[in-house]
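Chemist: One structure coming up, written as structure tokens, with questions to follow.
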Amino acid sequence: MKHYKDSRKFNFVRDTILNVIDFFHPIFSRWIPLQTFRYLACGGGVTVLGLVVYFISYNYILHDELVSFAGIHMTRYIAAYAISFLVSFPIGFFLSKFVVFQESHLKGRIQLFRYAALQGFNIILNYSLLHFFAGFCGFWATPSQTITTAILAVFSYFFQRHVSFRSKKPPVALHASMEQEESMG
């Protein structure tokens, strides 16, 4: 069986995304490291996609204020979020694993589990914050989702960098940091 990393299509898609993102990095390289820039570009792209899917779902697909699906009842703005999530989750994982955090030493299934756990936690936070902004505060649905997304993006970056896709420190960097500690102490 052929490994997905040996697929020409896979490599073409990944390399094209990397080339486009990395083309713009020199403009920001004085302020933003490459990995952070890739995270911002990929996360921003997935966020915009999610918001567009949310907007289309809320305004053009879902028409009733209470939506029922498979015996589950939810408000229209939560149903729009569910649709948006189903589109953005696989794309976000692909970009995180193969574009942003390529150097991670963790196995793919562990990365997926941790990424899914983060997304599960984000769903709970998203649900709560969306109800707070749209339901309690009375803000419009799309701006409420935008504010919620911004809050979750900051939290998610640190979780993904340090938990889901962490990488071992290279021995040289580890050795250098130990020397710095010894010289300071």
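Chemist: I'd like to know which of Val87, Phe98, Ile147 lies farthest towards the positive end of the charge dipole of the range 1-148, counting +1 on Cβ of Lys and Arg and -1 on Cβ of Asp and Glu.
Modeler: The residue sitting farthest along the positive end of the dipole is Phe98.
Chemist: Sticking with this one: Convert each backbone phi in the range 47-59 into a coupling constant with the Karplus relation 6.51 cos²θ - 1.76 cosθ + 1.60 (shift: θ = phi - 60°), then list the ³J(HN,Hα) values in order as whole Hz, x for Gly and Pro.
Modeler: 5, 4, 4, x, 5, 5, 5, 4, 4, 5, 4, 5, 8
Chemist: Still on this structure: Largest first, please: the extent of the C-alpha atoms of the range 1-128 along each principal axis, to the nearest Å.
Modeler: Principal-axis extents of the Cα atoms in the range 1-128, largest first: 46, 40, 26 Å.
Chemist: Accessible area of the chain with a 1.4 Å probe: how many percent of it is carbon plus sulfur?
Modeler: Taking all protein chains in place, the chain shows 69 percent carbon and sulfur surface.
Chemist: Per DSSP H run of at least 4 residues, take -39500 (n - 2.57); add these up for the chain, divide by its residues and hand me the 222 nm value, nearest 500 deg cm²/dmol.
Modeler: After summing the helix terms and dividing by residue count, I get -22500 deg cm²/dmol.
Chemist: Please compute the length gained on full extension between Trp140 and Glu65, using 0.36 nm multiplied by the number of residues separating them and subtracting their Cα-Cα distance. The partial results should precede the final answer.
Modeler: Details: separation 75, 0.36 × 75 = 27.00 nm, distance 1.36 nm.
Result for the pair: 25.6 nm of gain on full extension.
Chemist: Under a crude label model (7 Å from the Cα following the beta-carbon direction), how far is Ser167 from Phe23 in nanometres?
Modeler: A separation of 2.4 nm, rounded to one decimal place.
Chemist: Using amide H atoms built in the peptide plane, which far-off residues or other-chain residues are under 5 Å from Val67 H to H?
Modeler: Amide H neighbours of Val67: Met74, Thr75, Arg76.
Chemist: Further, regarding this structure: Place a point 7 Å from Cα of Trp31 in the direction of its Cβ. Which residues in the range 129-150 have their backbone N less than 20 Å from it?
Modeler: 150
Chemist: Can you give me the relative contact order of the chain as a percent, contacts being Cα pairs under 8 Å and 6 or more apart?
Modeler: 21 percent
Chemist: Determine the per residue accessible area of the range 73-173 with all protein chains present and a 1.4 angstrom probe, expressed in square angstrom.
Modeler: I get 54 Å² per residue for this part.
The values are calculated or read from the model by the stated rules, or taken from the named source; none is laboratory data. Note that the structure is a prediction, hence the values are computed from the model and not measured. No Cβ is skipped: glycine too gets one built from the backbone with ideal geometry, and neighbour counts run over all protein chains shown. Just so you know, the surface numbers come from the protein's heavy atoms only, side chains and all, with ligands and any DNA or RNA stripped out. Shrake-Rupley method; radii C 1.70, N 1.55, O 1.52, S 1.80 Å.
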